[in-house]
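The values are calculated or read from the model by the stated rules, or taken from the named source; none is laboratory data. Every value quoted in this text rests on a predicted model; they were computed, and no experiment measured them. So basically every Cβ, Gly included, is an ideal-geometry build from the backbone, and we count neighbours across all protein chains shown. What goes into the accessible areas is simple: the full protein's heavy atoms, side chains included, and nothing from ligands, DNA or RNA. Shrake-Rupley method; radii C 1.70, N 1.55, O 1.52, S 1.80 Å.
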Amino acid sequence: MWLAACGGSSSSGPANINVWVFNEPSGSFKDAAKRCTDASGGRYKVTLNALSNQADQQRQSLVRRLAAKDSSIDIAGMDVVWTAEFAAAGWIKEWPTNLANEVKQGTLPGPLATATYQGKLYAAPANSNTQLLWYRKDKVSSPPKTWAELIDQATKLKTHIEIQGAQYEGVVVWFNSLVQSAAGTIVKGTQVTLGQPGEQAAAIMSKLAHSPAADPSLASQHEDENRLAFEAGSSYFEINYPFVYPSAKTDVPKIFKNMAWAPYPGIDAAHPAKAPIGGINWGVGGYTKHPTEAFQAAACMRNEENEKEAAIKGGLPPTLESLYSDPGLIKAYPFAALIKKQLATAAVRPVTPAYADVSLAIAKAVSPPSSIDVGGFQNALRGTLKDAVKSQALI
């Protein structure tokens, strides 16, 4: 079925399928590559090529190669926000209908949306991610449900809320989730749709930044600085990804025993929270000489066995719904049910070929959060976004 669907298979010996992806530290991608090579029956050999662990540098490396029609990129490990840009440029191939249907089967809605552009599937979700509200149950009697409650509780407890405020993708993730939690959007295609929810989002970020609950280093904080601050014991609240859970277990067992989790905070009781969504998607290179084997390998790299190992060893939540009832995963992820629930309705970032410029415009507008001019925020950002969406993909 696979060979008939794609064409272009290697005629002599196993095809060497080069996978370009960030240097995943747990070894789960390496294990998946070996398993898929062995399972191919000699049709292909998967070779991993390490990109930077910084998303911007990963994108830059891939864009330069793909813009030059580099055929050595058989599979690209793409950040979930790159799908539209890469698809519109012809840098990744659309998945054939029957294979696309196989990928869609059993994949959670949130991750699947990140792999889709103009109604067509251009990637296979490999893993996902979402943020939870982590807190100290020995200090917090009842976790807050809204941002207002969170800021109020932290202020009364004389503690800080650890969250990403530096001028990079992390602060964009925060803003986008706030906008969608207020039932709004930022950009749809080539249209800027930012409205009142944008002002609500900006007001929340500004309120936190000017409250005693703000970490003094908010304007320069990334996910790992948030982790370290929470592990230091002075902060009782942290908005972050699940990697912080095994880290605390290993590094600070005394704090870990009192580490608990709750849903991503909402705007108010009337609007359910839309939590962030991240992760990696496998895209088949637009200029690969081995499309048949590349599609086969990409599908294999995200099968149940490989996604489960990536989750347990690497802390990368799976995209396959079936794994969230797997006893082994639940043991490693006691918060698995919450992750599954959040991924089903997650705040996918704007789907546009110009995402790199859209993201840059947002990051500049909301970081540092203390500098946000709430009153003039919407008009200023709308103008910048209109310029950004006209740019399309920039190399």
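The figures follow:
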item: Candidate aspartates and glutamates - alpha carbon under 15 Å from K93, same-chain residues fewer than 8 apart omitted; result: D70, D74, E85, E293
item: Hz values of 3J(HN,Hα) by residue in the stretch 165-175 - Karplus curve (6.51, -1.76, 1.60), Gly and Pro given as x; result: x, 5, 7, 7, 4, x, 6, 5, 4, 4, 4
item: Subset of K120/K274; K104/K341; K34/K313; K145/K254 violating a 20 Å alpha-carbon distance limit; result: K120/K274; K145/K254
item: Among beta bridges that DSSP assigns inside the chain, antiparallel share in %, nearest 5; result: 60
item: The chain: relative contact order in percent, alpha carbon pairs under 8 Å with at least 6 residues between; result: 29
item: Amide H contacts under 5 Å for L133, placed H, 5+ residues apart; result: A262, Y264
item: The stretch 73-131: C-alpha gyration tensor shape, a/c 1.5 cut-off, then a/b vs b/c; result: oblate
item: Average accessible surface area per residue within the chain, 1.4 Å rolling probe, Å²; result: 41
item: Degrees separating the helix 147-157 axis from the principal Cα axis of the chain, which is the longest one; result: 60
item: Within the stretch 101-179: Cβ-based charge dipole about Cα centre, in debye rounded to nearest 20 (Lys, Arg +1; Asp, Glu -1); result: 200
item: Full-stretch length increase - S391, D373 - with 0.36 nm per residue and alpha-carbon distance subtracted; result: 3.9 nm
item: Cα extents of the stretch 138-188 along the three principal axes, largest first (Å); result: 42, 24, 15
item: Fraction of the pair-distance distribution of the stretch 311-372 above 16 Å, Cα-Cα pairs, percent; result: 60
item: Given charges at Cβ of Lys, Arg, Asp, Glu: the chain dipole, positive-most of Q342, G170, S142; result: Q342
item: The stretch 288-331: proportion of alpha-carbon pairs further apart than 11 angstrom, %; result: 66
item: The stretch 288-395: relative contact order in percent, alpha carbon pairs under 8 Å with at least 6 residues between; result: 20
item: Within the chain: Cβ-based charge dipole about Cα centre, in debye rounded to nearest 20 (Lys, Arg +1; Asp, Glu -1); result: 240
item: Mean Cα-pair separation over length for the stretch 1-120, i.e. relative contact order, pairs under 8 Å, 6 or more apart, %; result: 27
item: Global geometry of the stretch 25-114, whether rounded, prolate or oblate, following the gyration tensor of its Cα atoms and the 1.5 cut on a/c; result: rounded
item: Separation of alpha-carbon centers, the stretch 196-271 and the stretch 56-130, rounded to whole Å; result: 30
item: Highest-first arrangement of 268-277, 239-248, where packing means the average Cβ count within 10 Å; result: 239-248, 268-277
